[in-house]
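Novice: There's a structure below that I have some questions on.
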Amino acid sequence: MIAARFRSLQQNSDLRRLTLLIGAALAAFGLALVVVVAYAGWSADRTAVIRERQLVENALDNGVSRVLDEQKSIAWWDDAVLNLTRGQVNTAWADVEYGAFLNETYHHADIFVLSDRDAPVYAYVEGQRLEPASAYAPFAAVVGKVVEEARAGAGDLRPRAHVFEAGRARYREQLGGVDPLWSAHILSLYGEPVVVSVMSIVPNVTPSLLHGEPFLLVSVVRIDEAFLGDLGGALLLPNLRVAAGAGAGDAGALTSEVFSADDGASLGYLQWTSRQPGKPLLMFILPLVALGVVLAGALTWVMIGRLKRASNQLAAREAQARHESLHDALCALPNRRQFAELLQVELDALVMNRNGRRVVVACIDVDRFKDVNDTMGHQAGDMLVKAVAARLAPRLEASDVLARFGGDEFAVMRAPAKAKDAAALAETLQRALAEPFELLGQSIAITASIGVAEAPEHGFSSEELIRAADIALYQAKGQGRARSMFFCAEMAADVEHRREIELHLRDAIERGALDLHYQPLIACADGAVTSVEALLRWRHPQRGEIAPSLFVPIAEEAGLMPALGAWVIERAFMDAARWPGLEIAINLSPVQFRHVDLSDTLQRLAAKHNVQPWRILFEVTEGVLLESTERNRSVLDAIRSMGFKVALDDFGTGYSSLRYLADFRFDKIKIDRAFVTDVNERKRAFTIIQSVVTLGRGLNMDIVAEGVETEAEAQAMRMLGVTQLQGFYFSRPVPAERVAEVVAAFSAVARAGEARPLAPQSRAG
Ligand code: C2E
Ligand code: CA
Ligand code: CA
């Protein structure tokens, strides 16, 4: 039980560990999947934003280069050198060719011309010409940085005009040796992003027109909606704009990137609607994957739950099956197997620790339980078994183990036991069963046979000990039941001996090595042989003659008796034909009543051997009437109704109840040898025989004295009125071949006078 529970616990913890493992693996895998998908989406978006940002930057650079390109067409021009740098600025020309042109054609917001000393000489702001100095003043600080760089040819502003710069060498050639200057940057003009582009005004055809430092053309182009709209349109980036804050107006699709001027000043944020290639991944696939993971998790959870339940059920069923395999269903007591297991545990403990510990085993068998079963039915039998269990349990000590071995067999183990416990336990058990049981309204008195064995004396294995107790029980039954026997070594030898005989007997029956002898019965009236009793003989090749009183009980127990009995009957029927006029007595064993349909067999054999039934007498003992009364009695009736005669054998032994004589009509009573021997010295035996004779006369039965060994006994029997005599004094049992001879000898004596034995020399034996 404990082992089973431990196993199921272990199974449970194994399962729990497995479940945890699967759960953890699944969770980790699901999380990883979600993370990977999310990361892929985020990363795709991020990469796209970076790329888009790059595109925007490139576009801004291009925009800056474009402004330079736009300036170039009018800055590198002989006319411009002539009209702007020589003495007075030709404002009318400048308005047309510079201010209006750049403003209207290219949307340059503010146009200035700076002198060789960087002083403003022309200003065209927001579509109109203004006084140069005052108009330029607000721009001076911002524009100054670009001018400085243009003049110096290098600076620390972030380079922007890559595209334009790429053609630097070409421009130099184009301008015939004049070194043009330029610089363009994105800067913050009062917080607004602007392209500030500066370019030297140099001749394009006649280099000699240039004297000293060149004048500079300055353009300020606002990076406004229109500017960015063009840019965004070309880049397929919708909603490209500059915002003050990063906070996105609409959905998260709007990307905000820090926008700073080339001198590092903050310009707020560049914003546009990113293409977000990862969006489908994040919007659709990720939730689907997440859902899938959750569903898979749920499914696994359910499945593991089922698995757990199934496994628990399995464990429960296993435990149940184990319980059933170890317990007897009727009384819910441990069965033989479990008893043996528990006993072995105690015996092992005893081996480990021998200091005075003992283990007692008692095997209990309810006597004549079969009678209750046969006469009152199986239900009553079951009730009796249960009642016995219920009776025994409370009389035992708490640590005792009561088990049912099946049928009406119980066993008790007491461990640890004290030296006197074997006897005490047997006594307790006998006393518990002594009180009658109430069964279906009837009071039933039972007795029990008990066999007791003990460890360490009788063995250290449960098998040995149970076997020893079983042998003792068997002996108890053999000695007349209703008693307790304690195992001893001789019992084992006895059992061994019986077992050996059984084996040899089987062999002898098979080989036909058994024989029948016949013992005559002498009529008291005339001394003639009226009857012969068939007696089994077995001559063992090594052991010699084996007495039937030894092997018949063994044959009965081994289940050999029905066949052997049938052989005896057939053989006697055959022999009967040789001695017409003689009565043939055949012994019937109680087991022949139980195991075969005796009356059918007799009918069949009588017909086969053409036997007259009235010549055949069957001898039965009280046992036949005691056991299974109803059935056996009806078989006896059937035998008698076929015309056979029936004798009550061995009268005076066992119960010797006169009730049987009144209950059943016998043709003959055979008084047992025990009453005949030394009858003259035993007044009680004398009286009993006297009363049996009286009863026999009244019921018209023959009375036979068995085992007459002396003339004195023969005389006494004749005097008592016994009708037939049987014994060694007259003749020992003889082989069939000698029967006729013996019968003839007795007839001769009978004709001569009264019944007396043959002359000593011719006495059979
Ligand atoms: P039983 O039926 O009482 O048979 C009589 C027994 O008494 C025989 O012993 C016989 O030899 C013995 N006997 C006869 N006269 C004397 C005497 O003067 N003194 C002594 N001491 N003994 C005498 P046996 O042949 O050894 O048989 C013993 C028992 O075995 C029989 O007792 C009977 O119960 C059983 N038996 C023998 N043959 C058969 C058989 O064929 N079938 C059955 N069922 N039982 C048999
Ligand atoms: Ca007999
Ligand atoms: Ca007898």
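Novice: Using just the alpha carbons, could you tell me how many Å³ per residue the convex hull of the stretch 388-543 encloses?
Specialist: Details: hull volume 35.0 nm³, N = 156.
Taking only Cα atoms, the stretch 388-543 has a hull volume of 225 Å³ per residue.
Novice: Separate question: According to the Kirkwood expression over distinct Cα-Cα pairs, how big is the hydrodynamic radius of the stretch 530-653, in Å? Provide the component values of the computation, followed by the final result.
Specialist: Values: mean 1/r = 0.0665 Å⁻¹.
Evaluated on the stretch 530-653, it is 15.0 Å.
Novice: Follow-up question, since we're still on this one. From Cα pairs below 8 angstrom and at least 6 apart in sequence, can you work out the relative contact order of the stretch 171-330, rounded to a whole percent? Intermediate results must be reported in sequence, preceding the final value.
Specialist: Details: 191 pairs, mean separation 23.7, N = 160.
Rounded, it is 15 percent for the stretch 171-330.
Novice: Would you mind ranking Cys488, Cys363, Cys524 so that the residue whose beta carbon has the fewest other beta carbons within 10 Å leads the list? Show your work: numbers first, answer last.
Specialist: Numbers: Cys488 16, Cys363 27, Cys524 22.
Fewest to most other Cβ atoms nearby, the residues stand as Cys488, Cys524, Cys363.
Novice: Work out the charge dipole of the chain with +1 on the Cβ of Lys and Arg and -1 on the Cβ of Asp and Glu about the Cα centre, then indicate which of Leu699, Ala423, Ala572 is farthest towards its positive end.
Specialist: Checking the options against the dipole of the chain, the answer is Leu699.
Novice: Could I ask something else about it? Could you work out, for the stretch 37-82, what percent of all Cα-Cα pairs fall into each 5 Å distance bin, beginning at 0 Å and stopping at the bin that holds the largest distance?
Specialist: Pairs per bin, as whole percents: 7, 18, 13, 11, 10, 9, 8, 7, 6, 5, 3, 2, 1, 0.
Novice: Related question: Where the convex hull is taken over the Cα atoms of the stretch 88-163, what is its projected area averaged over directions, in nm²? Can you show the working numbers first?
Specialist: Details: hull surface 23.3 nm².
Averaging across all directions leaves 5.8 nm² for the Cα convex hull.
Novice: Over the stretch 204-322, consider all pairs of different Cα atoms and compute the Kirkwood hydrodynamic radius from their mean reciprocal separation; express it in Å, one decimal. Numbers along the way, then the final one.
Specialist: Working: mean 1/r = 0.0469 Å⁻¹.
Here the Kirkwood hydrodynamic radius works out to 21.3 Å.
Novice: Right, next: Report the rotationally averaged projected area of the stretch 170-264 based on its alpha-carbon convex hull, in square nanometres. Walk me through the numbers on the way to the answer.
Specialist: Details: hull surface 34.3 nm².
Orientation-averaged projected area of the Cα hull: 8.6 nm².
Novice: What number, in nm² with one decimal, is the all-direction average of the projected area of the convex hull of the alpha-carbon atoms of the stretch 347-432?
Specialist: Numbers: hull surface 23.6 nm².
Convex hull of Cα atoms, orientation-averaged projection: 5.9 nm².
Novice: For the stretch 7-79, go through all pairs of different Cα atoms, get the mean of 1/r, take its inverse, and jot down that Kirkwood value in Å.
Specialist: Values: mean 1/r = 0.0556 Å⁻¹.
Mean inverse Cα-Cα distance, inverted, gives 18.0 Å.
Novice: Considering the options Ala607, Ala712, Val624, tell which one lies farthest towards the positive end of the dipole of the stretch 606-738, charges being +1 on Lys and Arg and -1 on Asp and Glu at the Cβ, about the Cα centre.
Specialist: Ala607
Novice: Roughly how many debye, to the nearest 20, is the charge dipole of the chain about its Cα centre, given +1 on each Lys and Arg Cβ, -1 on each Asp and Glu Cβ, and no other charges?
Specialist: 3580 debye
Novice: For the chain, find the longest principal axis of its Cα atoms and tell me its angle to the long axis of helix 489-511, 0 to 90°, nearest 10.
Specialist: 80 degrees
Novice: Where does helix 711-720 land angle-wise versus the long Cα axis of the chain, in degrees 0 to 90, nearest 10?
Specialist: 90 degrees
Novice: If you split all Cα-Cα distances of the chain into 20 Å bins from zero, what percentages do you get per bin, shortest first?
Specialist: Histogramming the chain at 20 Å steps yields 12, 23, 14, 8, 7, 9, 11, 10, 6, 1, 0 percent.
Novice: Another question, then. So, how do all the Cα-to-Cα distances of the stretch 405-494 break down into 5 Å bins, in percent, from 0 on up?
Specialist: 3, 13, 22, 25, 18, 10, 5, 3, 1, 0
Novice: Something else now. Looking at the stretch 426-468, what % of the alpha carbon pairs are farther apart than 12 Å?
Specialist: 67 percent
Novice: Also: Can I get the semi-axes of the stretch 268-404's equivalent ellipsoid? Compute them from the C-alpha gyration tensor as square roots of 5 times the eigenvalues, in angstrom, largest first.
Specialist: Details: eigenvalues 1002, 110, 20 Å².
After scaling each eigenvalue by five and taking roots: 71, 23, 10 Å.
Novice: While we're looking at this one, here's another question. Give, to the nearest whole percent, the P(r) tail of the stretch 516-556 beyond 11 angstrom, counting all Cα pairs.
Specialist: Values: 577 of 820 pairs.
Roughly 70 percent, rounded to a whole number.
Novice: Follow-up question, since we're still on this one. Okay, helix-only estimate at 222 nm for the chain: each DSSP H run of n ≥ 4 adds -39500 (n - 2.57), divide by all residues, round to 500 deg cm²/dmol; what do you get?
Specialist: Details: 24 runs with 371 residues, N = 765.
When only DSSP H runs of four or more count, the value is -16000 deg cm²/dmol.
Novice: To test your reading of the geometry: what angle, between 0 and 90 degrees and rounded to tens, separates the Cα axis of helix 286-326 from the longest principal axis of the chain?
Specialist: Once rounded, one gets 10 degrees.
Novice: With point charges of +1 on the Cβ of Lys and Arg and -1 on the Cβ of Asp and Glu, referenced to the Cα centre of the stretch 206-316, which listed residue (Leu267, Gly278, Ala226) lies farthest in the positive direction of the dipole?
Specialist: Gly278
Novice: Which of His517, His378 comes first, and how do the rest follow, when ranked by fewest Cβ neighbours within 10 Å?
Specialist: On the way: His517 19, His378 10.
Lowest to highest Cβ neighbour count: His378, His517.
Any read-out appearing in this document is the output of simple, stated calculations on the displayed coordinates, not a laboratory observation. Computed from a prediction, not measured in an experiment: that's the story for all the values here. Don't worry about glycine lacking a Cβ; one is built from the backbone with ideal geometry, like all the others, and counts go over all protein chains shown.
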